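Below is one structure; the comments refer to it alone.
The values are calculated or read from the model by the stated rules, or taken from the named source; none is laboratory data. Computed from a predicted structure; not experimentally measured. Positions of Cβ are generated from backbone atoms using ideal geometry, with glycine treated the same way; all protein chains shown enter the neighbour counts. Heavy atoms of the whole protein, side chains included, go into the accessibility calculation; ligands, DNA and RNA do not. Shrake-Rupley method; radii C 1.70, N 1.55, O 1.52, S 1.80 Å.
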Amino acid sequence: MTFHWTQLTPATTGRLVALVSAFVVALSVVVVATGARAAVEIQEVVSDKGVRAWLVEDYTVPIVTMRFAFRGGSTQDPEGKEGLANLMTGLFDEGAGDLDSDAFQKALDEAGAEMSFDQSRDELSGSIRMLAETREKAFDLLRLAVNDPRFDPAPVDRIRAQIVSGIIADSRNPSTLAQIAFNKALFGDHPYARRDEGTAESLATVTPEDLKAAREKMFGRDNLYVAVVGAIDPEDLKRELDRVFGDLREKADLAPVADIQPNLGQETRLDYPVPQTTLRLAYPGMVRQDPEYFAAYLMNHMLGGGTFSSRLFEEVREKRGLVYGISSYIVNFDHATALMIGTGTAPDKAEETLAIIRDEVRRMAEEGPTEGELREAKDYVLGAYAINNLDSSSSIARTLVDIQVNDLGIDYIDRRVSLINSVTLDQVKAAAKLLLDAEPAVMIMGPQTTNGG
Amino acid sequence: MKSSERSGVRVSTIRRAMAGLLVLTAFLAGSARASDGEEAPPVESFTLDNGLEVVVIPDHRAPIVTHMVWYKVGSADEVRGKTGIAHFLEHLLFKGTKEHPPGEFSGKIAAIGGRENAFTSSDYTAYYQQVPPDALEEMMAFEADRMRNLVLTDAAVDTERGVVIAERRTRIENQPSALLSEEVDATLYQNHPYGVPVIGWMHEIEKLNRQDALDFYDRYYAPNNAILIVAGDVNADTVRSYAAETYAKVPRGPALEPRERPTEPEQNTARTVTLHDARISVPTVQRSWVVPSYNTASNDDAEALDLLGEILGGGVRSRIYQELVVRQGIAASAGAWYRGTALDDSSFSVYASPRGGATIADVENGIKSEIAKILADGVTEEELEAAKNRYVRSVIFARDDQAGMARIYGSTLTTGGTVEDIEKWSGRIRSVTAEQVKAVAARYLDESRSVTGYLLPEGKS
């Protein structure tokens, strides 16, 4: 989450697929795409106290980047205290151990390190990057933040007030309202329908004791996934792992979360006088552990994956100029999956755009792709992996945490190549039928015209 | 374009990294582990006979190269009445050439899993691909080809105009804060074309045509008006030999006039822009001044402005944030921002948004009083040192991102800077004194020549 936003002038603008993140928010998804040439060598490091991490050792730049995640996230927020996990992520650098907020931030700045925490529905994660020469000081501060955050009343009240201000600021923003309404339509009473930020009312009930209790429950060693990239060797890393995570409780204590099938086959129309109508469609998805996952993944890539060559991009943007960005993606939360399509267009073109999208979906469901398209899609997702997932220390660390959280194995990056290559045209056609034959959930937000559309 | 550097939220490290000229390379990073690390290979630059400047930034950690061509032309180079043509042409460069029909180049990139895009600013237009190193020469061949051989049909132009109009709606009309920024710029610059939105005014975009695009293309797209940046898993000799087979064969274009845009008259008024919008619940105030950029500043004023921006409002340790957000508890957000990477005089801005029972006047007064303190007492040695350390550190962190490095070089070299400027930036930041920071604050942050923008809920004033 972010507080220090600003408004910069639109100094640059350009061609691109403005990615549709609307409902998805926290994409722990990473969809993968591998590289035969992926050049990372991953070592598994286990500390004396049993803390595991994946390490990519590299001394090219004298920095160390660490990313870690605890399973949990906002689904763990107790009913009535929605927004707790998100609030917590704003407080780890607001005082820990003997250091109050100001002293902690000063020490962090002096240590030459940057620390941030974030949360999604299913995870609470953190990252830190530091200069190699001040590594010990930086990890000292991370140890304090993880093990002994103070949650002092003043910073808790301040960060809470900032979040509430953001909630109020969004309260008349049609995009946010549409997102909230669509999540409600898809997920009903499930925690996935809730806003990560909570509400002004729910945040008002959160006390420092609640925060301490929630951290205590979520931060267990059995629940922790760590990746480190940069100028540190395995022995040093072991010591740092023990310092930072070695004293956490052995087992986390998470509340169970039910699996949920999103409610499809429905339409949500929201009437706002905005200059551009937003369209979202949700179809069934497929979980990453499904043996047919890559068939579905490749199918989605051809339908609306993020290149300038997908069917939706070609038909809706390139041929007709109806939209600026359009894409589709498979969303995978721990307990729900969906294939989403999103775009925005002029209000008087909304029905036409929606009809073209649905035609393309139908065509994919009925006919599937051609052998040639599938070959191209495979080439793309194989080649793109390194570029999309391994092009900086932070992206490598993020990728390695995701692979661990999804339990895909340390050899996943190599294994993925054969998983993709072995997908057949028939499998893709079957996946297309399975996902796209369904009647979708549709959300249309914009000025509603007189004929109801 | 894809990465949303223009808008909100992702300020912290990116902004810091792009702060001034940014940054650095091999040398200054000084290796903390020199014993086991190789020194990063140095950045090399050379110029082809046809005038194309080439910069190679080696980074061999992953089998990826970032290939970018930057043209020294942007929206501030447009003729009056044709706003948006620089950006529109950027879109149209994806429409194919004599040799390569529409979609072939993008198809080639997709076929190898590459990433591509382009972006336009007021001073430059850039095109890039990220691909495996063995595809670099082919990318260079395609990019060299579309430097002079674009083919445009009326049909392609008409369709793409619809896309750009949709883009403008997505980026500007759909976002009240973007609408306000556009109006603030239009007011801040009374004569200089930085007052015109990069994407263009809607009523003029609607009229842009094929001939407008070709005129702009023929005039500005040529090797002697471009810079090639290649970063990643490649060395300079390889780039040199690929360039000999590709870009070197593109003939030099006509000599271009110096980039002299209309300049600002003396500004003597405090102006106010107010936007009421039904989508707004929490108001925002911002104030901007015209100040020198790295290219127009003398005596390290730009470095001093960068440090002033950092100390005044560069993040959670800054004065404005600490005073308004933390101590007084009257702001939800607050900060400052200096746009140093620009060919001509650019801008310095402050902003805040109230929280709780505080009003827009409260946060505006809070910011004014923080500026007044610096005008009266300057900045402390301690905070100056901390700000310098953050910038110097950002130079090292920047090396972790090859595409980011390419952008630093491209944006600097198309706005009047040099490779040497980038390499010496840390040292120049180091040498700025507290007195200089106070002096630039006094010289430029004068309310009587500022523009204040208010973003307010509907119906209230």
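Structural remarks
- Contact map, segment A:165-176: first residue at the interface with chain B (Cβ under 7 Å from one of its Cβ atoms), second residue among the basic types (Lys, Arg), Cβ cut-off under 8 Å, separation 6 or more or different chains; pairs are A:Ser165/B:Arg355; A:Arg172/B:Arg279; A:Asn173/B:Arg279; A:Pro174/B:Arg279.
- Restricted to strands (runs of 3 or more DSSP E) entirely inside segment A:1-118, those with at least 3 residues that are modelled with pLDDT of 95 or more and open to solvent by 30 Å² or more (accessible area, probe 1.4 Å) are A:43-46.
- Meets criteria (polar (S, T, N, Q) and either in a loop (DSSP other than H, G, I, E, B) or buried (at least 21 other Cβ atoms within 10 Å of the Cβ) (or both)) for B:Thr415: yes
- Of everything in segment B:189-206 that is within 11 Å of chain A (Cβ to nearest Cβ) and in a helix (DSSP H, G or I), the residue that is nearest to the chain's Cα centre (by Cα) is B:Tyr194.
- Close pairs from segment A:409-420: first under 11 Å from A:Tyr385 (Cβ atoms), partner among the charged types (D, E, K, R) and surrounded by 14 or more Cβ atoms within 10 Å (Cβ to Cβ), Cβ under 9 Å, at least 6 apart: A:Ile420/A:Lys378
- Residues of segment B:364-390 that are under 30 Å from B:Arg407 (Cα atoms) and either assigned to a strand (DSSP E or B) or among the charged types (D, E, K, R) (or both): B:Glu383, B:Glu385, B:Lys388, B:Arg390.
- A:Leu400 being assigned to a helix (DSSP H, G or I) and open to solvent by 60 Å² or more (accessible area, probe 1.4 Å): no
- Some residue of segment B:154-167 being farther than 24 Å from A:Asp348 by Cβ and either part of a helix (DSSP H, G or I) or of a type in the set (Lys, Arg) (or both): no
- Residues of segment B:418-435 that turn out to be open to solvent by 40 Å² or more (accessible area, probe 1.4 Å) and among the small types (Gly, Ala, Ser), as a count: 2
- Output for segment B:314-363, where each listed residue is without any contact (Cβ under 8 Å) to a residue 40 or more places away in the chain, in a helix (DSSP H, G or I) and open to solvent by less than 30 Å² (accessible area, probe 1.4 Å): B:Tyr321, B:Gln322, B:Val325
- Residues that are small (Gly, Ala, Ser), touching a strand residue (DSSP E or B) at 6+ places or on another chain (Cβ under 9 Å) and within 13 Å of chain B (Cβ to nearest Cβ) within segment A:177-203 comprise just one, A:Ala178.
- All of A:Ala227, A:Ala231, A:Ala252 fail the test of being touching a Pro at 6+ places or on another chain (Cβ under 6 Å), more than 25 Å from A:Leu435 (Cβ to Cβ) and buried (at least 19 other Cβ atoms within 10 Å of the Cβ), apart from A:Ala231.
- Here A:Asp157 passes the criteria (1) over 29 Å from B:Pro283 (Cα atoms); (2) within 14 Å of chain B (Cβ to nearest Cβ) except the one numbered (1).
- Restricted to segment A:374-389, and to residues there that are open to solvent by 20 Å² or more (accessible area, probe 1.4 Å) and farther than 7 Å from B:Gly113 by Cα, the residue that is farthest from the other protein chains (Cβ to nearest Cβ) is A:Arg375.
- Only residues that are open to solvent by 30 Å² or more (accessible area, probe 1.4 Å) and hydrophobic (A, V, I, L, M, F, W, C) were counted in segment B:204-252, giving 2.
- Total residues in segment A:338-373, condition open to solvent by less than 30 Å² (accessible area, probe 1.4 Å) and either more than 14 Å from A:Gln276 (Cβ to Cβ) or within 27 Å of the chain's Cα centre (by Cα) (or both): 17
- Only one of the listed residues (A:Ile444, A:Ile410) is closer than 25 Å to B:Gly113 by Cα and among the aliphatic types (A, V, I, L, M). That residue is A:Ile410.
- Residue within segment B:67-89 that is outside any loop (DSSP other than H, G, I, E, B), facing another protein chain (nearest Cβ under 7 Å) and either within 16 Å of B:Met147 (Cα to Cα) or open to solvent by less than 10 Å² (accessible area, probe 1.4 Å) (or both) present: yes
- Conditions (1) assigned to a strand (DSSP E or B); (2) without any contact (Cβ under 8 Å) to a residue 40 or more places away in the chain: number failed by B:Ala255: (1)
- Lone qualifier among B:Ala118, B:Ala126 - being more than 7 Å from chain A (Cβ to nearest Cβ), small (Gly, Ala, Ser) and under 18 Å from B:Ala406 (Cα atoms): B:Ala126
- Criterion: within 12 Å of another protein chain (Cβ to nearest Cβ) and more than 22 Å from the chain's Cα centre (by Cα) - qualifying residue of B:Asp233, B:Asp212: B:Asp233
- Apart from one condition, B:Glu310 fits all of (1) away from every other protein chain (no Cβ under 14 Å); (2) within 21 Å of B:Tyr444 (Cα to Cα); (3) among the charged types (D, E, K, R); the exception is (1).
- Index of the failed condition, A:Glu216 passing every other in (1) more than 25 Å from the chain's Cα centre (by Cα); (2) among the acidic types (Asp, Glu); (3) closer than 20 Å to A:Asn147 by Cβ: (1)
- Across segment A:159-173, the qualifying residues are those that are touching a helix residue (DSSP H, G or I) at 6+ places or on another chain (Cβ under 7 Å) and among the charged types (D, E, K, R), and the one among them that is farthest from A:Arg195 (Cα to Cα) is A:Arg160.
- Of note, A:Ser309 does not satisfy the criterion of being within 14 Å of chain B (Cβ to nearest Cβ), over 30 Å from B:Glu160 (Cα atoms) and either open to solvent by less than 10 Å² (accessible area, probe 1.4 Å) or polar (S, T, N, Q) (or both).
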